[in-house]
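The values are calculated or read from the model by the stated rules, or taken from the named source; none is laboratory data. Predicted model only: the values in this text are computed from it and were never measured. Every residue, glycine among them, receives a Cβ derived from its backbone with ideal geometry; neighbour counts consider all protein chains shown.
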Amino acid sequence: MASRRVKPTGGYELWWWYFMRVSGLLLVFLALGHLFITHILNNVEVINYHFVSSRWANPQTGVIWRLWDLTMINLAVLHGFNGVREVLYEYIASNRARIMVSTIIWSSAVGLIAIGSYAILLFHSDKDYIRDFEDANRGGTAIHAPVLPPTTIARQP
(Lines give C-alpha, C1' and ligand atoms only; values in the text may rest on other atoms or scores of the structure.)
Protein backbone atom coordinates (compact mmCIF):
# COMPACT_ATOMS: atom_id res chain seq x y z
CA MET A 1 0.00 0.00 0.00
CA ALA A 2 1.48 3.30 -1.11
CA SER A 3 1.29 6.23 1.26
CA ARG A 4 -0.28 9.38 -0.08
CA ARG A 5 1.65 12.60 0.38
CA VAL A 6 -0.77 15.26 1.66
CA LYS A 7 1.49 18.31 1.81
CA PRO A 8 2.82 19.47 -1.59
CA THR A 9 6.58 19.63 -1.95
CA GLY A 10 6.78 23.13 -3.39
CA GLY A 11 5.65 25.77 -5.82
CA TYR A 12 2.12 26.92 -6.51
CA GLU A 13 0.38 24.04 -4.77
CA LEU A 14 2.42 24.51 -1.56
CA TRP A 15 1.43 28.16 -1.43
CA TRP A 16 -2.25 27.21 -1.75
CA TRP A 17 -1.80 24.45 0.85
CA TYR A 18 -0.58 27.01 3.39
CA PHE A 19 -3.28 29.50 2.33
CA MET A 20 -6.02 26.96 3.03
CA ARG A 21 -4.76 26.41 6.59
CA VAL A 22 -4.29 30.10 7.42
CA SER A 23 -7.51 31.28 5.73
CA GLY A 24 -9.53 28.51 7.38
CA LEU A 25 -8.30 29.58 10.80
CA LEU A 26 -8.97 33.26 10.09
CA LEU A 27 -12.42 32.45 8.73
CA VAL A 28 -13.34 30.63 11.92
CA PHE A 29 -12.63 33.75 13.97
CA LEU A 30 -14.17 36.16 11.45
CA ALA A 31 -17.35 34.10 11.03
CA LEU A 32 -17.79 33.41 14.75
CA GLY A 33 -17.21 37.10 15.50
CA HIS A 34 -19.76 38.04 12.84
CA LEU A 35 -22.32 35.60 14.22
CA PHE A 36 -21.76 36.76 17.81
CA ILE A 37 -21.97 40.48 17.02
CA THR A 38 -24.78 40.26 14.49
CA HIS A 39 -27.01 37.54 15.93
CA ILE A 40 -26.25 37.31 19.66
CA LEU A 41 -25.46 40.87 20.75
CA ASN A 42 -28.20 42.24 18.51
CA ASN A 43 -31.77 41.07 18.17
CA VAL A 44 -32.17 39.42 14.76
CA GLU A 45 -35.28 41.52 14.15
CA VAL A 46 -33.22 44.71 13.98
CA ILE A 47 -30.73 43.39 11.41
CA ASN A 48 -31.70 45.22 8.23
CA TYR A 49 -30.47 47.88 5.82
CA HIS A 50 -30.52 50.54 8.54
CA PHE A 51 -28.36 48.38 10.83
CA VAL A 52 -25.70 47.70 8.19
CA SER A 53 -25.82 51.22 6.79
CA SER A 54 -25.34 52.87 10.16
CA ARG A 55 -22.56 50.42 11.05
CA TRP A 56 -20.64 51.04 7.81
CA ALA A 57 -21.24 54.81 7.84
CA ASN A 58 -20.06 55.33 11.44
CA PRO A 59 -17.05 57.72 11.28
CA GLN A 60 -15.24 55.99 14.17
CA THR A 61 -15.80 52.30 13.39
CA GLY A 62 -17.09 52.17 9.81
CA VAL A 63 -13.69 51.41 8.31
CA ILE A 64 -13.16 48.53 10.74
CA TRP A 65 -16.57 46.98 9.92
CA ARG A 66 -16.00 47.33 6.19
CA LEU A 67 -12.55 45.76 6.44
CA TRP A 68 -13.97 42.94 8.58
CA ASP A 69 -16.70 42.19 6.04
CA LEU A 70 -14.35 42.63 3.08
CA THR A 71 -11.78 40.26 4.59
CA MET A 72 -14.44 37.71 5.45
CA ILE A 73 -16.07 37.66 2.02
CA ASN A 74 -12.78 37.61 0.08
CA LEU A 75 -11.22 34.88 2.20
CA ALA A 76 -14.42 32.82 2.04
CA VAL A 77 -14.57 33.02 -1.76
CA LEU A 78 -10.87 32.22 -2.24
CA HIS A 79 -10.93 29.43 0.34
CA GLY A 80 -14.10 27.87 -1.08
CA PHE A 81 -13.15 28.07 -4.74
CA ASN A 82 -9.66 26.73 -4.06
CA GLY A 83 -11.25 23.82 -2.18
CA VAL A 84 -13.47 23.11 -5.18
CA ARG A 85 -10.40 23.27 -7.44
CA GLU A 86 -8.51 20.77 -5.27
CA VAL A 87 -11.44 18.35 -5.18
CA LEU A 88 -11.93 18.53 -8.95
CA TYR A 89 -8.21 17.99 -9.56
CA GLU A 90 -8.54 14.61 -7.87
CA TYR A 91 -11.01 13.56 -10.56
CA ILE A 92 -9.54 15.30 -13.61
CA ALA A 93 -6.36 13.77 -15.00
CA SER A 94 -6.01 15.71 -18.26
CA ASN A 95 -3.91 18.89 -18.07
CA ARG A 96 -6.10 20.52 -20.71
CA ALA A 97 -9.26 19.83 -18.69
CA ARG A 98 -7.59 21.09 -15.51
CA ILE A 99 -6.70 24.36 -17.22
CA MET A 100 -10.28 24.76 -18.42
CA VAL A 101 -11.72 24.00 -14.97
CA SER A 102 -9.22 26.34 -13.29
CA THR A 103 -10.12 29.12 -15.71
CA ILE A 104 -13.83 28.73 -14.94
CA ILE A 105 -13.23 28.50 -11.19
CA TRP A 106 -10.91 31.49 -10.92
CA SER A 107 -13.01 33.62 -13.30
CA SER A 108 -16.03 32.95 -11.09
CA ALA A 109 -14.03 33.72 -7.94
CA VAL A 110 -12.70 36.99 -9.35
CA GLY A 111 -16.23 37.98 -10.41
CA LEU A 112 -17.68 37.29 -6.94
CA ILE A 113 -14.80 39.09 -5.22
CA ALA A 114 -15.29 42.08 -7.51
CA ILE A 115 -19.04 42.23 -6.81
CA GLY A 116 -18.56 41.83 -3.04
CA SER A 117 -15.73 44.35 -2.87
CA TYR A 118 -17.69 46.84 -4.96
CA ALA A 119 -20.72 46.52 -2.68
CA ILE A 120 -18.68 46.95 0.51
CA LEU A 121 -16.17 49.60 -0.55
CA LEU A 122 -18.47 51.82 -2.61
CA PHE A 123 -21.53 51.58 -0.40
CA HIS A 124 -23.32 54.86 0.29
CA SER A 125 -26.24 55.19 2.67
CA ASP A 126 -29.60 56.21 1.28
CA LYS A 127 -30.18 59.20 3.57
CA ASP A 128 -33.86 59.58 2.62
CA TYR A 129 -34.57 55.92 3.38
CA ILE A 130 -32.74 56.14 6.72
CA ARG A 131 -34.66 59.32 7.69
CA ASP A 132 -38.01 57.76 6.71
CA PHE A 133 -37.12 54.54 8.55
CA GLU A 134 -36.18 56.39 11.74
CA ASP A 135 -39.34 58.54 11.55
CA ALA A 136 -41.51 55.42 11.11
CA ASN A 137 -39.86 53.70 14.09
CA ARG A 138 -39.82 56.51 16.67
CA GLY A 139 -41.04 55.41 20.06
CA GLY A 140 -40.81 51.70 19.18
CA THR A 141 -38.85 49.12 21.11
CA ALA A 142 -36.03 46.96 19.80
CA ILE A 143 -38.00 43.84 20.69
CA HIS A 144 -40.48 44.34 17.87
CA ALA A 145 -39.68 44.14 14.19
CA PRO A 146 -39.02 47.55 12.66
CA VAL A 147 -41.66 49.14 10.50
CA LEU A 148 -40.75 49.87 6.90
CA PRO A 149 -40.85 53.54 5.99
CA PRO A 150 -43.86 54.69 3.96
CA THR A 151 -41.68 55.28 0.87
CA THR A 152 -41.13 51.52 0.47
CA ILE A 153 -44.82 50.62 0.35
CA ALA A 154 -46.00 49.94 -3.20
CA ARG A 155 -48.44 52.54 -4.39
CA GLN A 156 -51.74 51.37 -5.82
CA PRO A 157 -52.94 53.09 -9.04
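Which residue, of 81, 123, 133, 51, is surrounded by 12 or more Cβ atoms within 10 Å (Cβ to Cβ), of a type outside the set (Ser, Thr, Tyr), assigned to a loop (DSSP other than H, G, I, E, B) and on the phi < 0 side of the Ramachandran plot?
Every option except 123 fails the conditions.
State yes or no: is residue 19 touching a Ser or Thr at 6+ places or on another chain (Cβ under 9 Å) and in a helix (DSSP H, G or I)?
In short, no.
Check 103, 9, 38, 61 and return the single one that is surrounded by 14 or more Cβ atoms within 10 Å (Cβ to Cβ), polar (S, T, N, Q) and without any contact (Cβ under 8 Å) to a residue 24 or more places away in the chain.
On inspection, the qualifying residue turns out to be 38.
With 114, 31 as the choices, which residue is farther than 27 Å from residue 134 by Cα, under 16 Å from the mean Cα position of the chain (by Cα) and surrounded by 13 or more Cβ atoms within 10 Å (Cβ to Cβ)?
31 is the lone residue from the list that is farther than 27 Å from residue 134 by Cα, under 16 Å from the mean Cα position of the chain (by Cα) and surrounded by 13 or more Cβ atoms within 10 Å (Cβ to Cβ).
Only one residue in 89, 118 is without any contact (Cβ under 8 Å) to a residue 24 or more places away in the chain and farther than 19 Å from residue 23 by Cβ, so which one is that?
118
Yes/no per residue for (1) closer than 20 Å to residue 8 by Cβ; (2) at pLDDT below 95:
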{"residue": "30", "(1), (2)": "no, no"}
{"residue": "36", "(1), (2)": "no, yes"}
{"residue": "47", "(1), (2)": "no, yes"}
{"residue": "67", "(1), (2)": "no, no"}
{"residue": "81", "(1), (2)": "yes, no"}
{"residue": "91", "(1), (2)": "yes, yes"}
{"residue": "114", "(1), (2)": "no, no"}
{"residue": "122", "(1), (2)": "no, yes"}
{"residue": "129", "(1), (2)": "no, yes"}
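Can you name the condition, by its number, that residue 141 falls short on among (1) part of a helix (DSSP H, G or I); (2) of a type in the set (S, T, N, Q); (3) at pLDDT below 90?
Residue 141 satisfies all of (1) part of a helix (DSSP H, G or I); (2) of a type in the set (S, T, N, Q); (3) at pLDDT below 90 except (1).
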